[in-house]
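Everything on this sheet refers to the single structure shown next.
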2 protein chains.
Amino acid sequence: MGADLLVTLDAVIVAVTGVQPRVLTVAGTPPALPSGPLSVADDETLELGMRRVIGEQTGVEVGYIEQLYTFGDRERIRSPGGPRVLSIAYLALVREASTAPEARWIDWYALLPWEDHREGVPAILTDHVLPRLSDWADQDVDRRARVSVSFGVDTPWDPIRALERYELLYEAGLVAEAIRDRRDDRPVPPTGVEMASDHRRICATALGRLRGKLTYRPVVFELMPDEFTLSELQRTVEALVGLRLHKQNFRRLVDREHLVEGTGRHAPSTGGRPAELYRFRRSVVGERPRPGMRLPPFRG
Amino acid sequence: MGADLLVTLDAVIVAVTGVQPRVLTVAGTPPALPSGPLSVADDETLELGMRRVIGEQTGVEVGYIEQLYTFGDRERIRSPGGPRVLSIAYLALVREASTAPEARWIDWYALLPWEDHREGVPAILTDHVLPRLSDWADQDVDRRARVSVSFGVDTPWDPIRALERYELLYEAGLVAEAIRDRRDDRPVPPTGVEMASDHRRICATALGRLRGKLTYRPVVFELMPDEFTLSELQRTVEALVGLRLHKQNFRRLVDREHLVEGTGRHAPSTGGRPAELYRFRRSVVGERPRPGMRLPPFRG
DNA sequence: TAAGTAATGCTCAGATAGAGCAAAAGGATG
DNA sequence: CATCCTTTTGCTCTATCTGAGCATTACTTA
C-alpha cells in the first residue's frame, strides 16, 4: 500500500486584469491547472512544494496562497493501470499576469460562464442551463430543492455557491466533463471551456472560497497594485463576486472598515472627475476582527 | 518517490452532551484522534475511507462529515526513519456518545481551555496565557498585532480564530506540544490536555471551522436529538461558540430564519414554565441561502 | 396560596444596508 | 470662456437588524 499512490499539488492561480478575473493554465487539450507531484523528500511543507511547482511550471511568483481542498476519489482520474492520484489543491492570488510561455491565462467566466451576473442573469443560464436543469430535476423533490437554492430560483443568487452549481451541472450531464467521464457521445454542451481531469471542479471550489473569503479578509488587495482608485477596487471585487455593487455604498463600506487610506494624489483622468489614489492599510488586519467587503446577498 | 509516504485519515468527532462539547479520542498517552491509513485500493473516496476508519476505531456511526484540512509538513511527525505522513483531517458530528471501549470522550475545553468564555474570560487566559504572551510579544510589533487580534486584546474576542490562537501559543512555547517538539525541558504548562502529534492543532482547526460554519449552515442540528427545547438548542450553540447568548434574541433569530418548527408538545418540566419541543425544519436548507445562527461578535 | 423559576412576548434605541439625489472636479466642445 | 459630459465624492432617507431589557405566562415547590 502506498506504492501506487501519487500525490500532486494543483494550483488555481488568479489575477484580475481590468474587469476580467483570470486563471492560469498550462497549455494542452483540454487546458489544465498547473500541477506537479509533491516531492516527499525535498518539499519541507506542502505550501512550499506548491510554490515550487508553480514556479517551475509557470514562472510566476505568487504571494498569497491558501490550501483549498484535497481531492482523492479513486475514479477521479481515469488512467487504467496508473497510480491512484491524490491532489492537494491551492488557491493563489497574483498581481500581474506575467507568465512562462507554456502557461496562459483563461477568463474565469469562460470556464464558468453561468457565474458572471454583472450584466444581469447571463443568457446561458436562462436560455440553456435552467431549462435543462429543470427537466433533470422534474419529478424529484430533492433535486428541485438543490437546483432552487444553488441557482437562486426562488431564493437570492448566492455567489459563494459556485461549487454546488458546478456539481449540479456535472451531475445533470450539462458540462463537457460529465459527458467525457461517462464516455457518452452526446454533443458537447455550450457551458464553458472544458478542462482536464476535474480541474474545472477545482476552479469552482476556488471561486466559491475566494468569494466567501472576500467578506471577512482583505484578500482583494492581493490582486491590486500598490495604489488604486476606489473604482478600480470596486471593479475588482465585482469581477470576483460576479455582481454589480452600489458605488456609494461600496465606498461607505470600505471607509467604515478603514481598509484603505488616501494618498492625496490623483489618478490620470479617464473622462470624469479625477479619482484619488488609495492604498491598502495593512494594519487593519491587526485592528479589526474581520475586515472585508460585506456582499449584497449576504443573507436572505 | 511515493514509496516512503503514508496517507492517514484523521477525524475530529464532536458531540455535545448537556453543556459540554466533547471530542472522541483513542486511549493512549498522550491521547490521539482516531486515525488510520487510507486504503489506496479499497477506499472509493476519501470520505468513505474516513468513515471506515472511524467505524473501525471507535464503533461510532457518524452522520455529518466534512473535510477540514490536509497536514503534510515534513517535520510534523518526528519518527526518524519512518515514512513521511500526510494527514487528511475531517470534522464529524454525532448525536450520541456511544463508543467502542478503546475510545473515550474528552471535553473540548479541556483541550483548549482558553476558548471557553461562557463564564466570562477564563482565568487561565488572564492569569497565565496573556501575561506570558505579552512578554513573548514584547518589543515585536508584529507579534503584538497578532496577539491583539487573535486574543481580542483591543478588539472583540472572535470565536472563529481558534486556530490562530493555538498557533500563537505553540509558537510562544505555551503548550505542552511545543515543549515536547523542541525537546525542551521546561515544565509542562497548565494550558490544557496534551495530544499526540499535532492533533491538538487539528482540534483547534476543527473548532474554528465549526464555529464559522454555524453562522451560515444549520450544522448544530447534527448534534441535537430529533426534538429539543429552544433552551437546549441555545445551550448547544453556546457550548460550541464558547459564549453566552442573549436568550430572547436567540429565539428571535431562530424564529426569523425559520430553522425550527414547534411540535405542540412540551418537555418534562425542569422547574419553570414547561418549554415547547421543537424540531429542525430540514426544508430551510432548500429555502434560504445561508440559514444559520448569526453570532454576536460577527463584526467589529 | 405564595414564592420560585424558566419560557415566552414585547418594546425601544442605536447601528446597518439599500437606494437615490446632488454637488464637485476634471476634460471636451463650441 | 461657457456649456456639456463624465466620473468622483458627499449626503440623506428609510427599512431592517441588533443588542438589551422589562413584563407576562405557566408550571413546580414550599
Using alpha carbon centroids, what distance separates region A:129-196 and region A:15-52, in Å? 26
Inter-label distance for B:D181 and A:E119, nm, one decimal - labels placed 7 Å from Cα along Cα-to-Cβ: 5.0
What residues qualify as long-range amide H neighbours of A:V7, i.e. H under 5 Å apart, gap of 5 or more or another chain, H built at 1.01 Å from N? A:L38, A:L86
From the phi angles alone, apply the Karplus equation (6.51, -1.76, 1.60; θ = phi - 60°) to region B:196-212 and give each ³J(HN,Hα) in whole Hz, x where the residue is Gly or Pro. 5, 6, 9, 5, 6, 4, 4, 4, 5, 4, 5, 4, x, 4, 5, 4, x
³J(HN,Hα), Karplus 6.51/-1.76/1.60, whole Hz, each residue of region B:138-143, x for Gly, Pro: 4, 6, 10, 4, 5, 4
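How high is the relative contact order of region B:113-191, in percent, with contacts defined as C-alpha pairs under 8 Å that are six or more residues apart? Spell out each step's value before the answer.
Numbers: 56 pairs, mean separation 17.8, N = 79.
This gives 23 percent for region B:113-191.
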Residue of B:V260, B:V219, B:V40 that the Gaussian network model of chain B assigns the largest fluctuation, springs spanning Cα pairs under 10 Å: B:V40
For chain B, which longest stretch is free of loop sites, where a loop site is one of the GluC sites (Glu not before Pro) that DSSP puts outside H, G, I, E and B and that has at most 15 other Cβ atoms within 10 Å? B:120-300
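Please work out the FRET efficiency for the pair B:R252 and B:V153, using the Cβ-Cβ distance as r and a Förster radius of 41 Å; give the result to the nearest 0.05. Can you show the working numbers first?
Numbers: r = 31 Å, r/R0 = 0.76.
In this case the efficiency is close to 0.85.
For region B:5-107, calculate the relative contact order in percent as a whole number, restricting contacts to Cα pairs under 8 Å that are 6 or more residues apart. Each step should come with its number before you reach the end.
On the way: 200 pairs, mean separation 42.2, N = 103.
Taking the mean separation of contacting Cα pairs over the length of region B:5-107, I get 41 percent.
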Calculated Rg and Dmax of the protein assembly as shown using C-alpha coordinates, Å: 24.6, 75
Karplus-derived 3J(HN,Hα) from phi for region B:158-164 (6.51 cos²θ - 1.76 cosθ + 1.60, θ = phi - 60°), whole Hz, x at Gly and Pro, runs 10, x, 6, 7, 4, 5, 3
Taking all pairs of different Cα atoms in chain B, averaging 1/r and flipping that mean, what Kirkwood radius in angstroms comes out? 20.6
Considering only DSSP beta bridges with both partners in the protein assembly as shown, what is the antiparallel share in %, to the nearest 5? 70
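Send over the per residue convex hull volume for region B:3-85, Cα only, as a whole number of Å³. It would help to have the intermediate numbers written out before the result.
Values: hull volume 10.6 nm³, N = 83.
So the per-residue hull volume is 128 Å³.
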In region A:217-272, which chymotrypsin sites (Phe, Trp or Tyr not before Pro) are in a loop and have at most 12 other Cβ atoms within 10 Å, using DSSP for the loop call? none
Helical contribution to [θ] at 222 nm, DSSP H n ≥ 4, -39,500 (n - 2.57), averaged over chain B, rounded to 500: -9000 deg cm²/dmol
For A:H266, the residues 5 or more places away or on another chain with a placed amide H closer than 5 Å to its own amide H are A:L277
Amide H proximity to A:W105 below 5 Å, modelled H, separation 5+ or other chain, gives A:T25
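Quick check on region A:17-63: take the gyration tensor over C-alpha atoms, sort the square-rooted eigenvalues as a ≥ b ≥ c, and tell me if it's rounded (a/c under 1.5), prolate or oblate.
Values: a/c = 3.12, a/b = 1.64, b/c = 1.90.
Oblate is the answer for region A:17-63, as a/c is 1.5 or above yet b/c matches or exceeds a/b.
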Sorted largest first, extent of region A:1-146 alpha carbons per principal axis (Å): 53, 44, 26
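Given region A:151-260, report the % of alpha carbon pairs whose separation exceeds 17 Å.
Numbers: 3740 of 5995 pairs.
Tail of P(r) above 17 Å: 62 percent of Cα pairs.
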Between B:V94, A:L86, B:W157, whose Cα lies farthest towards the positive end of the dipole of the protein assembly as shown when Lys and Arg beta carbons carry +1 and Asp and Glu beta carbons carry -1, centred on the Cα centre? B:W157
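Since every read-out is calculated from the coordinates, none of them should be taken as a lab result. As the structure is a prediction and not an experimental result, all values here were calculated from the model. Note that each Cβ is placed from the backbone with ideal geometry, even for glycine, and that neighbours are counted across all protein chains shown.
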